[in-house]
Amino acid sequence: MKRKAIISIDGPAGAGKTTIAKMVSRRLGYDYIDTGAMYRAIGWKTIREKIDLKAKRDIIRMVRNTRVELKKKAGTIRVLLDGKDVTNKIRSKRSAEAASILGTMPEVREQLVKIQRREGSSGGIVVEGRDIGTIVFPQADYKFYLDASIKERALRKYRELRAKGQREELAQLEQAIRSRDRRDRNRGVAPLKIASDALLIDSTHMSRKEVVDFILARIERN
């Protein structure tokens, strides 16, 4: 590539966007931007400060007075909230649920999109999320939409939780993913959809390495 590119990877919950984006960024020597972590950081702060998720004015005020940053440290991206590292704290289920609700608020998205664009303005980044190729970086050099069947996404989440010593019923995980898909695709602000110029990758029967190799081959071919 003559210059460092912006690569967007969108897709629904459980499609493997985070893992694939990290692997692609490492192979290219690019920075990885986890937009979901930014929303989880805000979600975690609403929980910590006991802000009602229905109190829109309080949330808007809080977001406008909050600093979210992504910093690379020892080869990994850390999430800083008001100057403090909260990378591990924001991985809770409650933070994710709060983030999903906050993501439907235009004022919250507006603030975080500004940060995301600033972080990636110079290129050389792999960004994953649900509205990267459509809203955040519509001018991205390469756009991919990563998907998989609901059953496969639930199974992947099930295995991930088992590896961490956590137990969830597979049927419940599948239902949760169906609900999340409906919410993401039908929300009024930046709904989940495939950008018109994005390449759809169905990873249901693909390994992570196969997906990464496919993406890199497509980039190198251009």
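Points worth noting:
- Any chance Tyr158 is in contact (Cβ under 8 Å) with a residue 12 or more places away in the chain and not in a helix (DSSP H, G or I): no
- The sole residue among Val211, Val189 that is in contact with a helix residue (DSSP H, G or I) (Cβ under 7 Å, 6 or more places away or on another chain), under 17 Å from Met23 (Cβ atoms) and not hydroxyl-bearing (Ser, Thr, Tyr) is Val211.
- Entirely in segment 4-123, the helices (runs of 4 or more DSSP H) that have 3 or more residues that are crowded, with 16+ Cβ neighbours inside 10 Å and touching a strand residue (DSSP E or B) at 6+ places or on another chain (Cβ under 8 Å): 17-28, 35-48, 106-120
- Verdict on Lys143 being at pLDDT 90 or above and either in a strand (DSSP E or B) or buried (at least 24 other Cβ atoms within 10 Å of the Cβ) (or both): yes
- Residue within segment 174-181 that is in contact (Cβ under 8 Å) with a residue 40 or more places away in the chain and crowded, with 18+ Cβ neighbours inside 10 Å present: yes
- Selection from segment 182-213 of residues that are surrounded by fewer than 16 Cβ atoms within 10 Å (Cβ to Cβ), over 28 Å from Leu112 (Cα atoms), under 21 Å from the mean Cα position of the chain (by Cα) and not basic (Lys, Arg): Asp202, Thr204, Ser207, Glu210, Asp213
The values are calculated or read from the model by the stated rules, or taken from the named source; none is laboratory data. Only a predicted model underlies this, so the values are computations on that prediction, with no experimental measurement involved. In this analysis, Cβ positions are derived from the backbone assuming ideal geometry, glycine residues included, and neighbour counts consider all displayed protein chains.
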